[in-house]
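Colleague: Before anything else, here's the structure in question.
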Amino acid sequence: MKIAVSGASGKTGYRIAEEALKSNYQVSLITRNNSIIPESLSNCNQHKISIFNRQSLDEALTGIDTLIIATGARPSIDLTGPAKIDAYGVALQVESCKRVGVKKIILVSSLCIGKLFHPLNFFGLILLCKKIGEEKVMNSGIDWTIIRPGGLNEKEENLTKQNIFYTQRDKQTEGSIPRRLVAKSCIEALNTKFASKNIIEITSNEENKKSTMEEAIQNFILV
Ligand SMILES: NC(=O)c1ccc[n+]([C@@H]2O[C@H](COP(=O)([O-])OP(=O)(O)OC[C@H]3O[C@@H](n4cnc5c(N)ncnc54)[C@H](OP(=O)(O)O)[C@@H]3O)[C@@H](O)[C@H]2O)c1
């Protein structure tokens with residue numbers, strides 16, 4: 001299976017690409033011209049393009065089976081970032097997937113999507129912009145999974161002790177998770193039947209009971 005990761009220079013995006021490589025997928029990276037990609041990904045196919053250029057995006061996605069979207073507006077004084085990247089930028093990627101026949105989209109989104117009264121919205125109403133992006137994915141007609149993580153961190157130590165708490169949409173409002181576990185979850189979703197057309201919220205801590213994504217989704221579908 002050929003996987004493209006957009007936002008592959010980001011702190012979650014590069015880990016997704018690394019995890020995809022570990023699982024022996026063929027990986028293409030979609031980044032901006034000046035994006036910095038870690039050495040670990042130097043053997044991947046690289047498309048340094050603007051996601052706002054439809055033709056370049058179509059070329060980058062041609063022949064790809066799954067697109068994992070890890071783009072996101074970087075914190076900045078430009079408050080239009082979320083509208084440009086998390087809403088419009090995701091919409092453009094979805095449209096391109098439809099044009100070139102990508103079969104699955106996985107979107108890295110966030111807890112609290114759609115909430116208006118939330119401090120994160122001081123940055124360009126980001127939670128509302130991300131909701132527009134999510135809806136584009138859900139209405140694409142392509143198979144999809146949306147992963148909504150809690151606050152992201154860089155911890156790489158003791159990851160095996162961190163167990164993921166999975167819920168369905170709009171159940172969790174706080175908590176955090178290492179980016180590495182978000183990356184692993186994106187790859188696990190590829191082989192999780194019940195992840196198809198599902199929004200999955202994830203946070204982690206040591207107290208949670210260990211379970212696979214498949215077991216967790218089966219449980220919350222049945223309750
Ligand atoms: N931070 C949190 O606690 C948190 C919590 C929940 C969800 N999230 C979401 O999770 C996702 C990953 O977050 P992260 O902090 O790991 O990401 P990040 O390190 O900020 O990376 C963002 C990625 O998006 C790319 N990007 C930004 N603007 C772009 C543009 N105009 N055109 C093309 N690409 C652009 C960046 O490219 P460059 O390298 O070129 O800048 C980078 O690859 C984001 O959607 C974020 O909103 C974050």
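The values are calculated or read from the model by the stated rules, or taken from the named source; none is laboratory data. Nothing here was measured: the structure is a model prediction, and the numbers come from that model. Using ideal geometry, Cβ is built from the backbone for each residue, glycine included, and neighbour counts are taken over all protein chains shown. Keep in mind that these areas ignore ligands, DNA and RNA; they rest on the heavy atoms of the full protein, side chains included. Shrake-Rupley method; radii C 1.70, N 1.55, O 1.52, S 1.80 Å.
Colleague: Mind listing whichever residues of the range 159-186 are β-branched (Val, Ile, Thr), open to solvent by 10 Å² or more (accessible area, probe 1.4 Å) and not in a strand (DSSP E or B)?
Modeller: Of everything in the range 159-186, those that are β-branched (Val, Ile, Thr), open to solvent by 10 Å² or more (accessible area, probe 1.4 Å) and not in a strand (DSSP E or B) turn out to be THR160, THR173.
Colleague: Which pairs have Cβ atoms under 6 Å, sit 6 or more apart or on different chains, and link a residue in the range 1-19 that is under 15 Å from HIS47 (Cα atoms) to one that is within 6 Å of the ligand (Cβ to nearest atom) and part of a helix (DSSP H, G or I)?
Modeller: Correct list of pairs: VAL5/GLY13; GLY7/GLY13.
Colleague: Limited to the range 120-145, what total is found for residues that are within 12 Å of the ligand (Cβ to nearest atom) and under 18 Å from GLY175 (Cα atoms)?
Modeller: Of the range 120-145, the ones within 12 Å of the ligand (Cβ to nearest atom) are 120, 123-124, 126-127, 129-130, 133-134.
Narrowing further to those that are under 18 Å from GLY175 (Cα atoms): 120, 127.
Going through the range 120-145 one residue at a time, the tally reaches 2.
Colleague: Looking at the range 124-147, can you tell me whether even one residue there is modelled with pLDDT of 95 or more, touching a strand residue (DSSP E or B) at 6+ places or on another chain (Cβ under 6 Å) and in a loop (DSSP other than H, G, I, E, B)?
Modeller: yes
Colleague: Looking only at the range 79-104, count every residue that is part of a loop (DSSP other than H, G, I, E, B) and surrounded by 15 or more Cβ atoms within 10 Å (Cβ to Cβ) and tell me the total.
Modeller: The qualifying residues number 1.
Colleague: Could you figure out which of (1) under 29 Å from SER96 (Cα atoms); (2) touching a Lys or Arg at 6+ places or on another chain (Cβ under 9 Å); (3) open to solvent by 10 Å² or more (accessible area, probe 1.4 Å) isn't true of ILE146?
Modeller: Among (1) under 29 Å from SER96 (Cα atoms); (2) touching a Lys or Arg at 6+ places or on another chain (Cβ under 9 Å); (3) open to solvent by 10 Å² or more (accessible area, probe 1.4 Å), ILE146 violates only (3).
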